[in-house]
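Here, each number is a calculation from the coordinates, and none is a lab measurement. Predicted, not measured: the structure shown is a model, and the values here were computed from it. Glycine gets a Cβ as well: all are built from the backbone with ideal geometry, and neighbour counts include every protein chain shown.
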Amino acid sequence: MTAVEVTEGVLVTTSAIDVTTSTIVVRGREVLLVDPAWVPSELVALADLLHARGLTVAAGFSTHAHHDHLLWHPRFGDAPRWASPRTAELAVSERAGLLENMGKGWPDGLLALFARVEALDAGRLPEPWGEVELVVHDGHAPGHTALWYPDRGVLLAGDMLSDIELPLPFGPDDLPAYLAGLDALAPYVARAQLLVPGHGHPTTDPLARLDADRRYLADVISRGESDDPRIGKPGMAENHAHLQRMVRETL
Ligand SMILES: [Zn+2]
């Protein structure tokens, strides 16, 4: 597994599945591990990569309560794993369904660690990670959290603002919450020099991502259609049709 240093002290690895990203924020010899993902061999490779660089996991963060964002590996150690209060709640109440989404063949040791996040009810991470601001909203998933590093101008967006996935305001279907989520992210996007999405590719033009998502949703709301090229990406045609149905039925 290779890690790309997208900006000083921020490494991103990419899974072979769904272009899922894991972000490693380095602080001295310690790291904050955001959404390590996602199959067992990749989690081992991530542990190898940290070991090879002499880095220790000091904390973990899950951006939202979807199965591919709640993983952990024994070799990451017993560092605290944080999430927003709503995410932590869903990680418990939805555990059976989340495990089902993981698919079969997972070792018991990883299943035991799956989704064991603790609620962090604060606007920022505890020290020494206190520079990291948490932007919590209900777009894509209730309690979805973006991480904002003002000093580095980096926004870790979770499953929002992707170049390969359309806006996915599902589970529960809630378009107003998604639009509010984009509004919550907007001031950070405006200041960000670098954005890392949970699926897809980091960008140095975060505003273009926000514009594309707003344009797509506005088009579907106003005329039931969109020419967004992401509709042609794997799995997105179904999601596009789902949103069209939602808009017809609810707006
Ligand atoms: Zn998700």
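Some values worked out for this structure:
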read-out: FRET efficiency, 1/(1 + (r/R0)^6) with R0 41 Å, evaluated for ALA241 and ASP151 via beta carbons; value: 0.45
read-out: Under the Karplus curve 6.51 cos²θ - 1.76 cosθ + 1.60, θ = phi - 60°, whole-Hz ³J(HN,Hα) for segment 214-225, x wherever Gly or Pro sits; value: 5, 5, 4, 5, 5, 5, 5, 5, 7, 10, x, 9
read-out: Relative contact order of segment 1-137, defined on C-alpha pairs under 8 angstrom at six or more residues apart (%); value: 17 percent
read-out: The chain, relative contact order [Cα under 8 Å, separation at least 6], %; value: 13 percent
read-out: Beta bridges by DSSP in segment 134-229, antiparallel share as percent, to the nearest 5; value: 65 percent
read-out: The chain, dipole about Cα centre (Lys/Arg Cβ +1, Asp/Glu Cβ -1), debye to the nearest 20; value: 260 debye
read-out: Cα shape, segment 52-133, gyration tensor, a/c 1.5 rule; value: oblate
read-out: Extension reserve of the ILE231-GLU118 stretch, reckoned as 0.36 nm per residue once the Cα distance is removed; value: 37.1 nm
read-out: Crossing angle, helix 236-250 versus the chain [Cα axis fit, 0-90 degrees, rounded to tens]; value: 50 degrees
read-out: In order through segment 178-193: 3J(HN,Hα) via Karplus (6.51 cos²θ - 1.76 cosθ + 1.60), integer Hz, x for Gly, Pro; value: 5, 4, 5, x, 4, 5, 5, 7, 3, x, 6, 4, 4, 9, 6, 9
read-out: Magnitude of the charge dipole, segment 43-115, Cβ model with Lys/Arg +1 and Asp/Glu -1, debye to 20; value: 140 debye
read-out: DSSP-defined beta bridges in the chain - what % are antiparallel, rounded to 5; value: 65 percent
read-out: Anisotropy class of segment 33-85 from Cα gyration tensor, a/c 1.5 cut; value: oblate
read-out: Surrounding net charge for VAL25, when Lys and Arg each add one and Asp and Glu each subtract one, Cβ distance under 12 Å; value: -4
read-out: Computed lengthening from LEU207 to ALA52, 0.36 nm per intervening residue step minus Cα-Cα distance; value: 52.3 nm
read-out: Extension gain, ARG214 back to GLU100 (0.36 nm per residue minus Cα-Cα distance, nm); value: 37.8 nm
read-out: Prolate/oblate/rounded call for segment 92-251, Cα gyration tensor, a/c under 1.5 rounded; value: oblate
read-out: Ellipticity estimate at 222 nm from DSSP helix runs (n ≥ 4, -39,500 (n - 2.57)) divided over the chain, nearest 500; value: -10500 deg cm²/dmol
read-out: Choice from ARG29, ARG230, ARG191 showing the highest fluctuation, given a GNM over the chain with Cα pairs closer than 10 Å; value: ARG29
read-out: Span from the segment 107-137 Cα centroid across to the segment 163-213 one, whole angstrom; value: 20 Å
